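Have a look at the structure below before the remarks.
Just so you know, all these numbers are worked out from the coordinates, no wet-lab data involved. Small disclaimer: the values here were computed from a predicted structure and weren't measured. Because the Cβ atoms are built from the backbone with ideal geometry, glycine has one as well, and the counts that use them run over all protein chains shown.
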Amino acid sequence: MKSIRNKLAIATCTLLSQGIQYASAADSSWSSDTSYLYYSETDRVTVHKIITNATAALGDDNTLSLEAVYDTITGATPTGAIKSLNTVSSTSPSSGDGVTREQSDTNALALFDDTRLGVNMGWTHQHNRTFRVNYGASVSVERDYEAYGGSLSFDKETADRNLSFTAGVATSYDTVFQRSGKTPKPLSSIKEAKFYEAGNKRAFEGILGITRTINRRTIAQLHYTVGSLEGYLNDPYKLISITDSDGREKTPFRYYESRPSQRLRQTIFGALAHRLENSDTIHLSYRYYWDDWDIISHTLDYRHRKNIASGYLEPHLRLYHQTAAGFFRHSLKHGQPLPEYVSADYRLDEMSSVTVGARYGLPVWEGTLRFRLEYLYQSFTEAEYETNEALIFQVSYKKAFD
């Protein structure tokens, strides 16, 4: 359940990059951009999301951006437990009493529903022709998660404006809990679980970047980001099964996961945009990520924006691969000592994914109407559910006003 929220949420620690976006103020006095997104996994999660953004120029030197996000999430998500023929009661974010009771192999899935409201605010101040400051703040609230954050970044260009530098920091403070308002003790049995108050976590992030205009058709960008998390980093709903020598679950025997209370994450991101002689544009980016949970990931993203008639068509291909966290396990063997840290969360498994699709845009009512359709396929190495498929559809409309 949290994987979808994280993919679709206004992640506080990406406010730095949003600050750069805010800096590119619209030519007109203000503009609005509203979209609806539909995300649906096969037999799993469905998301409906509405996003609205307004950007206004306040005089010659200031730009204000406000964004609101509302989404609803329903369906079923893997708990981390293995499939079982027994009836198992486990904590779920769906039902009123916090407990879901399911039969057959579906008891490795937790039914849930949730809603989220997020608000972002950005303000850019242009101190002079080549120097600007970006401020950001965010709030995101759902039934079992609250996040509050802020950011500050600086953009400096050279006199010829062919080279620009970016530096910034961001922070967030999050509160995590089950629907009951509490969090389970790590590695406690679901039958004898001990519960604590809501868990808190803090995030800090810094970014350094450079953007270079190579020629009149090509722009290159390179960013380094480092971030730290500390506090309650568990997912309070995720479980891990205890199995016998034949790999079958005990009747029932499940524990809540346990993750380290700290995490250091680093990213190197490079991007290249090139306009062809026929005015088509190619966007290519690569992202290398690593952290002290032993996860290493590679992301390659390619877009080709082709002008057609009065609109454009932009095919998209994204390839992703990550290694497993050092403490990821499919399950634990009965009779063996419990490790200090362990999780069966499929998001921490070794995983590969492919996203393919396209965006189509055309001018409508003095604005731009955009359609996006993509297919996502994920495969996992050891997780109980080996694959996941999703369809993504989005329609957006942007209009500038004088």
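Backbone N atoms of the range 226-245 closer than 13 Å to the 7 Å Cα→Cβ label point of L208 belong to residues 226. Distance between the pseudo-spin-label points of R129 and S352 (7 Å out from Cα toward the beta carbon): 5.2 nm. Full extension from V139 to A159: what is 0.36 nm times the residue separation minus their Cα-Cα distance, to one decimal in nm? My answer for the length gained is 3.5 nm.
Loop exposure criterion: GluC sites (Glu not before Pro), DSSP state outside H, G, I, E and B, at most 11 other Cβ atoms within 10 Å. Applied to the chain, the longest stretch between such sites is 1-191.
As a test of the formula, what do you get for the chain when each DSSP H run with n ≥ 4 contributes -39,500 (n - 2.57) and the sum is divided by the residue count, at 222 nm and rounded to the nearest 500 deg cm²/dmol? It lands at -1000 deg cm²/dmol.
Charges only on Cβ, +1 for Lys and Arg, -1 for Asp and Glu: so what's the dipole of the chain about the Cα centre, in debye to the nearest 20? Mind dumping the intermediate values first?
On the way: 44 positive and 47 negative charges, 82 e Å.
I would put it at about 400 debye.
Calculated on the alpha-carbon coordinates, the convex hull of the range 2-401 measures out at 134 cubic angstrom per residue.
Starting from the Kirkwood Rh over alpha-carbon pairs, what translational D in µm² s⁻¹ does the range 146-249 have by Stokes-Einstein at 4 °C and 1.567 mPa s? The partial results should precede the final answer.
On the way: Rh = 17.8 Å.
Translational diffusion coefficient: 73 µm²/s.
Taking K49, K156, K238 as the candidate residues, the one with maximal mean-square fluctuation in a Gaussian network model of the chain, Cα springs under 10 Å, is K156. Taken over the Cα atoms of the range 252-402, the convex hull encloses 172 Å³ per residue. Remark: spin-label model distance D402-L317 equals 4.5 nm, labels positioned 7 Å along the Cα→Cβ axis. With a simple spin-label model that places each label point 7 Å from the Cα along the Cα-to-Cβ direction, the separation between D301 and Y360 comes to 2.3 nm.
Among R44, R129, R116, determine the one that fluctuates most according to a GNM of the chain built with springs between C-alpha atoms less than 10 Å apart. Among R44, R129, R116, the largest mean-square fluctuation in the Gaussian network model of the chain belongs to R129.
Would you mind checking K156/K306; K201/K333; K201/K238; K182/K333; K191/K333; K185/K238 for any pair whose Cα atoms are more than 22 angstrom apart?
Values: K156/K306 32 Å; K201/K333 31 Å; K201/K238 17 Å; K182/K333 28 Å; K191/K333 18 Å; K185/K238 12 Å.
Flagged as over cut-off: K156/K306; K201/K333; K182/K333.
Measuring nothing but how far apart in sequence close Cα pairs (under 8 Å, 6+ apart) lie, relative to its length, the chain scores a relative contact order of 14 percent.
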